[in-house]
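Chemist: Please find one structure pasted underneath; my questions will follow.
The values are calculated or read from the model by the stated rules, or taken from the named source; none is laboratory data. In this text the structure is predicted, and so the values were computed from the model without any measurement. Here the Cβ positions follow ideal geometry from the backbone for every residue, glycine too, while neighbour counts run over all protein chains shown.
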Amino acid sequence: MRNRKQVDFTLIELLVVIAIIAILASMLLPALNRARETALQSNCLNNIRQLSTAMALYVDTENGFYPSAKDAAGNNDNTNYWAAGLLPYLGRENAGESNKRADMFWCSNDRNVKIGKTRDVLFTDRRISYGINWQHVPGNKAVKAVKSSSTIGLVEADVDLNTENQSGFYLALSWNDPANPCATVRHNGSGNVAWLDGHGSAVRSPNGYYSGLYNEGVFFNKFYDNNRWTLSNMKE
């Protein structure tokens, strides 16, 4: 019976192998991170599309009106909270954690989902990841939208934009004001939007920050023509 020779690696050979593994890992990790972020953005986009579909069903059954965010006196009112108004069209009456479909109100990259509060509390506090086009959609008639395919219905939105507490909110202003809730980017410089015709898309900020969404050629703002906020797409 022939004896097998034991093959020993020298220290240098082991170091070379370790170095090769480290190089391969450094090449693979960015790709894996990109793939993970692409999956998160896709899931987020699916969320906002589902909410947009629910809003279309709401319009169909409410005489052509978009859901409101205020009561008749113009005050904030949970009974007219647009997201609460959509719940029956999502197959439930509340956003409780026991129902996995409640997750569609939150993007995984929203800080709100990482701070330990229950979905019920976040929902009641209006700390969801998607904001309605605040000044122009709630309570309006759908027929007023001249170019529904290029007018924002729902968009990823954050409040406290210039602080470490930046996190989701239920509305977005139609101009850049970091002291108030605005459209935001959560996916490598991109934010998801649901347009009033029901389709959804990812929109990239030219500067990689939320403020770039308010540039001409992107969402722009309500004070200029060819914006994506007003129902006429003209300045107000």
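Chemist: Test ALA25 against the criterion of being closer than 19 Å to PHE105 by Cβ and at pLDDT below 85, and give yes or no. Even if it seems obvious, please write down each step before you answer.
Modeler: On the way: closer than 19 Å to PHE105 by Cβ: no; at pLDDT below 85: yes.
For ALA25, the condition - closer than 19 Å to PHE105 by Cβ and at pLDDT below 85 - is not met.
Chemist: Something else: Going by the conditions given, is ASN63 more than 23 Å from SER108 (Cβ to Cβ) and either modelled with pLDDT under 90 or among the basic types (Lys, Arg) (or both)? Break it down stepwise before answering.
Modeler: Values: more than 23 Å from SER108 (Cβ to Cβ): yes; either modelled with pLDDT under 90 or among the basic types (Lys, Arg) (or both): no.
Against the criterion (more than 23 Å from SER108 (Cβ to Cβ) and either modelled with pLDDT under 90 or among the basic types (Lys, Arg) (or both)), ASN63 does not qualify.
Chemist: Taking interchain pairs and intrachain pairs at least six residues apart, which have beta carbon atoms under 7 angstrom, with the first residue in the range 48-59 and at positive phi and the second assigned to a helix (DSSP H, G or I) and crowded, with 18+ Cβ neighbours inside 10 Å?
Modeler: Listed pairs, sorted by first residue: none to list.
Chemist: If you don't mind, there's one more thing I want to ask. Output the residue which, of all residues in the range 120-133 that are of a type outside the set (Val, Ile, Thr) and surrounded by 21 or more Cβ atoms within 10 Å (Cβ to Cβ), is farthest from GLY200 (Cα to Cα). Can you show your working first?
Modeler: Of all residues in the range 120-133, those of a type outside the set (Val, Ile, Thr) come to 120, 122-123, 125-127, 129-131, 133.
Adding the requirement that they be surrounded by 21 or more Cβ atoms within 10 Å (Cβ to Cβ) leaves 122-123, 127, 129-131, 133.
Details: LEU122: 24, PHE123: 22, ARG127: 21, SER129: 15, TYR130: 13, GLY131: 14, ASN133: 14 Å.
By that ranking, first place goes to LEU122.
Chemist: Which of the residues belonging to the range 139-164 are assigned to a loop (DSSP other than H, G, I, E, B) and of a type outside the set (Asp, Glu)?
Modeler: We begin by selecting, within the range 139-164, every residue assigned to a loop (DSSP other than H, G, I, E, B); these are 139-140, 145-147, 151, 160-164.
Within the range 139-164, GLY139, ASN140, ALA145, VAL146, LYS147, THR151, LEU161, ASN162, THR163 meet the criteria.
Chemist: Can you work out which of the residues in the range 180-236 that are loosely packed, with under 15 Cβ neighbours inside 10 Å and among the hydrophobic types (A, V, I, L, M, F, W, C) is farthest from VAL113 (Cα to Cα)?
Modeler: Per the criteria, the residue is MET234.
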